[in-house]
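Worksheet: the structure to be examined is printed underneath.
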Amino acid sequence: MNDSNRQSKDEQLDVSPQQEFPGDSYPHKYVHSVFVNEQDATQAIQALRAAGYTPDDIHFMAGQDFVQAAAQGDRQENNLSQSLFHFISSLQYDVTDAYLKEARRGHYILSVRISRHDQIAEVRDILALHHGELLQYVDAWTRADLSDSSSHGDW
């Protein structure tokens, strides 16, 4: 296999849906989004990679896997369930329900970890350009709806 084929295959692996939540601060310090089809999500991931985001920054789940990870998190006593617990308990805005509802409809969930505040607008713009919906930034004490054009500012 030549280097370009190997690189292409590696890029395909990077955009494959994952089956569990990341073990870090998820869902805090992430921009979350919903994609109706996998092709748009894959193109968004490729654009994020081109913008310098690493596979560790990008978390992509098929709807069924998101629902299963949420259900599994409810049953397990580990860091993943603690992350899900934080997602459910710290947000008073029905964010979790909205993503679970979309996941149950077969949509894809794409989340991007933010390390600097100025990345929020960049990630929002990339996701929106590729038809991302229900764009939200979630932090420990903040939830911002990025889908509404009136919220687009100097993030």
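Only the coordinates and a few stated rules stand behind these numbers; no lab work does. This structure is a prediction, so every number in the text was calculated from the model and none was measured. Using ideal geometry, Cβ is built from the backbone for each residue, glycine included, and neighbour counts are taken over all protein chains shown.
Remarks
- This ranking places 116, 105, 49 by how few other beta-carbon atoms lie within 10 Å of each, fewest first, which gives 116, 105, 49.
- The stretch between residue 37 and residue 129, if pulled fully straight at 0.36 nm per residue, gains 31.7 nm over its current Cα-Cα span.
- Among 147, 115, sorting on how many other beta-carbon atoms sit within 10 Å of each Cβ, with the fewest leading, yields 115, 147.
- Proxy reagent accessibility, fewest Cβ within 10 Å first, across 110, 135, 129: 129, 135, 110
- As a calculated quantity, the FRET efficiency between residue 51 and residue 139 at R0 = 22 Å, using C-beta atoms, amounts to about 0.60.
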